[in-house]
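A short worksheet on the structure shown next.
Every read-out reported here was derived from the displayed coordinates using simple, explicitly stated rules and does not represent laboratory data. Worth saying up front: this structure is predicted, and the values here are computed from it rather than measured. Here Cβ is always computed from backbone atoms with ideal geometry, including for glycine, and neighbour counts include all displayed protein chains.
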Amino acid sequence: MRSYKILNLALLILLLATFSACKKVINVNLNSTSPRYVVEGNVTNQAGPYLVTITKSINFDQDNVWPTVSGAIVVINDVTAGQVDTLTEITPGNYNTHIITGTPGHKYQLYVNAANNVFTATSTMPAVVALDSLYTQASPFGGKHPQLVPLYTDPVLVGVNYHYYHFTEYKNDTESSDIIVRNDELVNGQVIKQPIGGDGLNTGDSVALYLECIDSGVYQYYSTLNQTENQNSASPSNPLTNLMGGALGYFSAHTSSLKTLIVQ
């Protein structure tokens, strides 16, 4: 889960103007920006149940704790199979599916009604691209930590569309904060073995890497989230979302392939 902190741009501009004048001290009332809903939902090709979480955003000067949203109506519709699943809230803000199964090629629709605020999204699960292997190699720049290298074969794709990939890395059961996404615009149909992540790997570390095949809307979300987190700006923009209705976050129907290793 990644938190969202809304920045009050008008307030920052006012503060900058005040400091540049340097004539007298002015006490500014730091009004909070209205929080926004944050929806994060996933359907995968692995066995369910699948999870949708709903929280609210916080302001930039608040502690990194997201208020959960209870009592929402959450529905996922497998449009391809004609199957509708009404989710159950298992813990505050966490909603589980019951009957749907994640299937490559199927289109899924998410519906959320939280206090009469309605949010919807659609995501189509791509075909599976499996991780063939996972290994480490010495850093080419003389670094003391090895690099992590996933190997997989990108399927040949004809036309203007691309395959989109998202990687999630765990080291010693702790998820990496790195956002790693790729597409095959320049490597369509090739065997891919490009190093990723692996920062600070040491002998004996346990590593798990998930390769997720995502659709274009989810790829845009992760790409812009990565840009936002790397911005050196007082007012970074929010990442793009495939959710309609004004919420932050994403809804992703994706496949997942896992490889693990112990660093030697």
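At-a-glance table
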{"item": "Burial ranking of peptide ranges 81-88, 119-126 (average Cβ count within 10 Å, highest at the top)", "result": "119-126, 81-88"}
{"item": "Reachable aspartates and glutamates from K144, criterion Cα separation under 16 angstrom, eight or more residues apart if same chain", "result": "D199, D205"}
{"item": "Sites T124 and T203 - FRET efficiency at Förster radius 30 Å, r taken between beta-carbons, to 0.05", "result": "0.10"}
{"item": "In nm, spacing of pseudo-spin labels at A47 and H145 (7 Å Cα→C-beta vector)", "result": "3.5"}
{"item": "Computed over the stretch 145-193, Kirkwood Rh from alpha-carbon pairs, angstrom", "result": "12.5"}
{"item": "Vicinal HN-Hα couplings computed from phi for the stretch 89-103 (Karplus, 6.51 cos²θ - 1.76 cosθ + 1.60; Hz; Gly/Pro x)", "result": "7, 8, 9, x, x, 10, 10, 10, 7, 10, 10, 6, 10, x, 10"}
{"item": "Contour minus Cα-Cα distance for Y135 and N161 (0.36 nm per residue)", "result": "6.4 nm"}
{"item": "Karplus (6.51, -1.76, 1.60) ³J(HN,Hα), θ = phi - 60°, over the stretch 209-224, in Hz, Gly and Pro reported as x", "result": "10, 9, 9, 10, 8, 10, 8, 5, x, 6, 4, 4, 4, 5, 4, 6"}
{"item": "Isotropically averaged projected area of the stretch 177-264, using the convex hull of Cα atoms (one quarter of hull area), nm²", "result": "7.9"}
{"item": "FRET E, pair H98, D173, Förster distance 22 Å, beta-carbon r, rounded to 0.05", "result": "0.20"}
{"item": "Net charge over other residues, Cβ less than 13 angstrom from the Cβ of T68 (K, R count +1; D, E count -1)", "result": "-1"}
{"item": "Calculated over the stretch 67-182: convex hull of Cα atoms, volume per residue (Å³)", "result": "194"}
{"item": "Pairwise label distance in nanometres, Q227 with V187, each label 7 Å out on the Cα-Cβ vector", "result": "2.1"}
